[in-house]
Amino acid sequence: MYFARKTSGLLKELSSFDVFMLNLSFMGAIAGISYPLYVASTLPKASWLIATVLGSIMVLPLIVNYYLISIKYNRTSADYVFVSRKLGGFIGTVMAMALYTSFAMGFPVLSMLEIIYVIVPGLQAIGASFHIPYLINLANDILSTNLYLFVTALLFSSLSFILSLRRLYFKSINYLTIMEIISTIIIIFSLIFGKLNVGDKVTFIHPFNLQSVVLAQIFILSYFAFINAPAYYAGEVKKTKKTMFYGYFGAWIATFLMSVFIILSIELSIGKAYFLEVETQGWNLPILPNSILPFAFASVLNIPILVLILFITSISWYLLYAMQNFTMSTRLLFSLSFDRILPDFLSNVKGGMPANATIISFIVSLFFSFIEIYLGFSISFAVDGLWFIIWSYLLVSIASIKENKVIAILSSISMIFTAFITIYYGLINPSFGTLIFAGNTSFDLLTIIIPPIVGVITYVISKSYRKKQKINIDMNFKEIPPE
């Protein structure tokens, strides 16, 4: 028995600018660069500039591959549609559910990054600049108390959910991305012209060595690899080829340029040596020096209004990631429901958005936030990044080999190399490995097997249930779903 497909109900309304901003915010140079520079303390011989250039070049085959897929399979969750049609419904379902689970388990990581890298140092800087000790104490309490940490994460999750609703989402993405760009500009100018312009100046001797290569992989895992936002909205774009071109390549160029400017602003002002010294040993300011943002705060601490503006604009950093996390996970549920893998109610569209899928994703993210933040079962950076390398980028690259042979092979090699070097160097360099694999070891190991197991169980149950309805779900994957 077959079923008649319905139209999705999603509107083709996204312009080139919208998709460019979606992908620019998903890559997020200023937010993404914070963690690699934190890890750089364990890679003292690495060239930050070379790592940035190498990381951006290594993802080019991945970008080209996704661009080709998105213009040919311009459907919602295009990468899932592509893999399920090329490798079969079983592999497609496992990939989609593994990705969905990874999104859900990764959401608390975004909450923690927002709190640790933005909220806490922001409150401390405002407290120091405006002479309000209460804000400094509040920031310290948030960081040291699980309940305060969880409540702050809950507020962050709620704001992300509200802004992910259809009426607000795409406009919010555009406005918040503009805020992120403003934040980036303020940080660059604060470092160059602020009062913290001390330390070693840049040396233009940049060694190409193993540590530079390793740091490049951390850049990839942190943000350069996250180039596939347009694929999730491919069924909602106008003028597919033009829109996808700007969405993929325009965002990549902009992210690369911003990354280079950020790195140079550090090296030309406060100096790489001073940056690493303060990050590892601290300073005499009541601001946690764990990313580039506290250095910018310290540079303009004597200009309170600028500190406040910088804090407000920087809130956009991980909020953008979280919003994308929500909507991408809902698009996966929507597409799986459309293929009759998940219940039909998840593909119901209200007001131009899959409303039920959005609510489910919010509830699931809260569940994992409680486990990871309040109960303390945290996930390491390496495992979080490797989920997406394996269950998204590598799988899509392998599925593309028959269609885009050279590009797909290069993309596969690049992703395998990133995973291998990260794990290998983590094993031979204890300080590096301890940092990137920091987390609850048992929970880390568990989360490696949870995503594919969820995918397998979903497919088996769905196939059995649909068989009772005399529907062969494998036939669904022999055609491209309409939009």
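Assorted remarks:
- Residues with amide H under 5 Å from that of Met353, placed H, sequence gap 5 or more: none
- Tilt relative to the chain, helix 89-114 - C-alpha long axis, 0 to 90 degrees, to 10: 20
- Relative exposure of Leu446, Leu288, judged by other C-beta atoms within 10 Å (fewest first): Leu446, Leu288
- Nearest-ten-degree value, helix 272-281 long axis tilted from longest Cα axis of the chain: 90
- Ranked for footprinting exposure by Cβ neighbours inside 10 Å, fewest first, Leu435, Leu154 give Leu154, Leu435.
- FRET efficiency, 1/(1 + (r/R0)^6) with R0 22 Å, evaluated for Phe417 and Ala273 via beta carbons: 0.15
- Treating r as the C-beta distance of Ile312 and Ser144 and R0 as 30 Å, the FRET efficiency rounds to 0.75.
- Across region 393-405, rounded Karplus estimates of 3J(HN,Hα) from the backbone phi angles (6.51 cos²θ - 1.76 cosθ + 1.60, θ = phi - 60°) give 5, 5, 5, 5, 4, 5, 5, 8, 4, 5, 8, 10, 3 Hz, Gly and Pro being marked x.
- Between Val456 and Ser431, the C-beta separation translates, for a Förster distance of 56 Å, into a calculated FRET efficiency of about 0.90.
- Over the residues of the chain, the helix contribution to mean residue ellipticity at 222 nm works out to -21500 deg cm²/dmol, using -39500 (n - 2.57) for each DSSP H run of at least 4.
- One decimal place: the segment Lys470-Ile401 gains 21.4 nm when fully extended, by the rule 0.36 nm per residue minus the C-alpha distance.
- Extension gain, Leu210 back to Ile253 (0.36 nm per residue minus Cα-Cα distance, nm): 13.0 nm
- The alpha-carbon atoms of region 239-370 define a convex hull whose volume equals 194 cubic angstrom per residue.
- Quotient of Cα Rg and 2.2 N^0.38 Å for the chain, N being how many residues it contains: 0.96
- Cα gyration tensor category, rounded, prolate or oblate, for region 386-453 with a/c compared to 1.5: oblate
- Dimensions (Å) - region 359-483, Cα atoms, principal axes, largest first: 56, 43, 24
- Residue-count net charge about Ser291 - beta-carbon cut-off 12 Å; Lys, Arg +1, Asp, Glu -1: -2
- With respect to the chain, whose longest principal axis is taken over its alpha-carbon atoms, helix 316-338 is tilted by about 10°.
- Between Ile303 and Lys478, the distance separating the two model label sites (each 7 Å from Cα on the Cα→Cβ line) works out to 6.6 nm.
- Lys45-Leu155 pseudo-label distance in nm [points 7 Å out on the Cα-to-Cβ vector]: 4.6
- In terms of surrounding Cβ atoms within a 10 Å radius of their Cβ, Met105, Met328 rank from fewest to most as Met328, Met105.
- Unsatisfied cross-links (Cα-Cα over 22 Å) in the set Lys241/Lys405; Lys402/Lys470; Lys72/Lys405; Lys72/Lys242; Lys402/Lys478: Lys402/Lys470
- Since only Ala139, Ile373, Phe224 are under comparison, the one whose Cα sits farthest along the positive direction of the charge dipole of the chain, derived from C-beta charges on Lys, Arg, Asp and Glu, is Phe224.
Every read-out reported here was derived from the displayed coordinates using simple, explicitly stated rules and does not represent laboratory data. Computed from a prediction, not measured in an experiment: that's the story for all the values here. Because the Cβ atoms are built from the backbone with ideal geometry, glycine has one as well, and the counts that use them run over all protein chains shown.
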